[in-house]
1. Of the heavy-atom accessible surface of segment 302-452 (probe 1.4 angstrom), what whole percent is carbon and sulfur?
2. If you add up the charges near Trp205, with Lys and Arg at +1 and Asp and Glu at -1, over every other residue whose beta carbon is less than 9 angstrom from its beta carbon, what do you get?
3. Quantify, in whole percent, the carbon and sulfur part of the accessible surface of segment 153-298 (1.4 Å probe; protein heavy atoms only).
4. Once you list every other residue whose beta carbon is under 14 Å from the beta carbon of Asp294, what net charge do they have if Lys and Arg are +1 and Asp and Glu are -1?
5. Considering the dipole of segment 438-487 built from charges on the beta carbon (Lys and Arg +1, Asp and Glu -1) around the Cα centre, which of Ala450, Gln466, Gln480 is farthest to its positive end?
6. When the chain is fully extended, how far beyond the present Cα-Cα distance does Arg253 get from Trp492, taking 0.36 nm per residue of separation?
7. Note down the nm distance, to one decimal, between modelled labels 7 Å out along Cα→Cβ at Asp294 and at Glu150.
8. What is the sum of charges around Val131, taking Lys and Arg as +1, Asp and Glu as -1, for the other residues whose C-beta is under 9 Å from the C-beta of Val131?
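The values are calculated or read from the model by the stated rules, or taken from the named source; none is laboratory data. No experiment lies behind these values; they were computed from the predicted model shown. Here the Cβ positions follow ideal geometry from the backbone for every residue, glycine too, while neighbour counts run over all protein chains shown. Accessible surface areas use protein heavy atoms only, side chains included; no ligands, DNA or RNA. Shrake-Rupley method; radii C 1.70, N 1.55, O 1.52, S 1.80 Å.
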Amino acid sequence: RFQHHTKYITIFRFKTAQKNVMVEFTTAFSPARLALFTLGSVGLLTLQLLTDDGIDHASIRSLSTDNSPRPKINLNAPYAPYKGIVEPQFQLKAINYANEDRNRRLEVEDAVDGDENRQLARYVVNRRGEVRCFLHRTRGPNAIPNKDYENTVIAGYPGADKRVVLRQMEMLTRLSGRDSWDFEYLGMTKQPYIKTNYPHHEGIWGWQDHADQVMLVVRNIRSTIDEYHDILADIDYAKTWVEATEKIPRLYRGEIEEEKYVRWRDERTMDEIGWYGWLIDYWMEGGILRDYFDHKLTTKEHWAKLREPETYTYGELQWDVNICETDPAPPVAYDEVCNPEVTASCMAKVVISAERLMDPATGRAENHKIGALLNATAGIKDEMISEEAWDCLYDMVIGDNPNGTAPENTDGFDDWRAREGVADRKHVVSTRHLNKMVQQLTRMILKYGAYDPETGLNWTVSEPAQNLVEILTEHRAELQAELDATNVNQVWAH
């Protein structure tokens, strides 16, 4: 037994031939009352241990007189209700300080919400109009207010800086988000932000009908495929959610082994170029089913196979193997999760450029696009920090933080810039890779800059489409310059 603040905590461990159980009591009782409570509870538990053979041997039992969250996950029951925090959580609250004579200091503590205490968060505006920001804890998964929020999917190819966008959204609203895999494996919460790689084969639709709108994050195809590989290397090329979650602390700190990268590059990069454009098409077109090789319309059966490239052979995934050439071309069909009864809209409302967001010269404006969407989102707009603090928060985490390391009080706000040697490193690729990347971007620039007779979508009047065309045009110019400067003999079989 030990004393923690005003509570007494008693932990007992029991081990029998069949069971290994830990029991934890957390009370505000006096030592004498605690002893009586403990003896009675231990007696009941001992009786259960002797008579019940149905207890999960790997489980952890927690018996408590309060409801404080226990960061323990029973991996033998992965769909159990969420009981702990995986992603680090932070929050901000807007408080204005300004008068004609002096700065006034005002501190307001958030009330306890649900079963989680939330710390003070504030920003300060002095009499000269200067803003200072202070970062503290967000509302975690068990402390999200019981309100009706429109929820936002943050979608993008793996390594596209979705994590950075999520962090900005959390800071602007004090509301935390989570990865789609965590919704699937840790249980559903009211967290209004969902980070996902779906429909890429590394992604999953884990949030059921929790989403209402989409923000698409786009990063240069060259750098995002590099970063995708490096994240895989950070987590030791994990194949399961459990393995990947255990390695989250290694993000941006793992060792990139050239031999492993080369093997991955030659096996995967040509296909990943197709998947990159496939994912963008999916979220721009609102979930239309396409083939990732040639981006033709396809059937639900073929599309389901494309989501499992490690299950089927390369030949089995081909469009002309799955669609008989004598049959009529497949009609426009949508992913069933994009039915309006499940998701209000799978079509991106905003396209965010990862490069613009990470560049201090353009980052504030790109961050304001994030803020503008949230300011127009039902429920979320009521949680927004004042717009006068947006630039200050951006500068603290990105603009004035060129090394990408988490500022004080912001564990988990690291980004890819914290990776050693990243400023002057690009993985070596062949001219075939670069040519295919340029072709993929050209395809999308032409597609989203015109009317599409196949789907009836007029992209010339779509602001997100025009924004996407601008972003991809910038990326293509950079790629073409690299291709022009690359030795024509830098090509090999792959």
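1. 51
2. Numbers: positive: none; negative: Glu184, Asp335.
Once positives and negatives cancel, what remains is -2.
3. 47
4. Overall, the nearby charge balance is -1.
5. Ranked along the dipole, the leading option is Ala450.
6. Contour length minus the Cα-Cα distance gives 83.0 nm.
7. Going by the 7 Å Cα→Cβ label model, 3.9 nm.
8. Local charge sum for Val131: -2.
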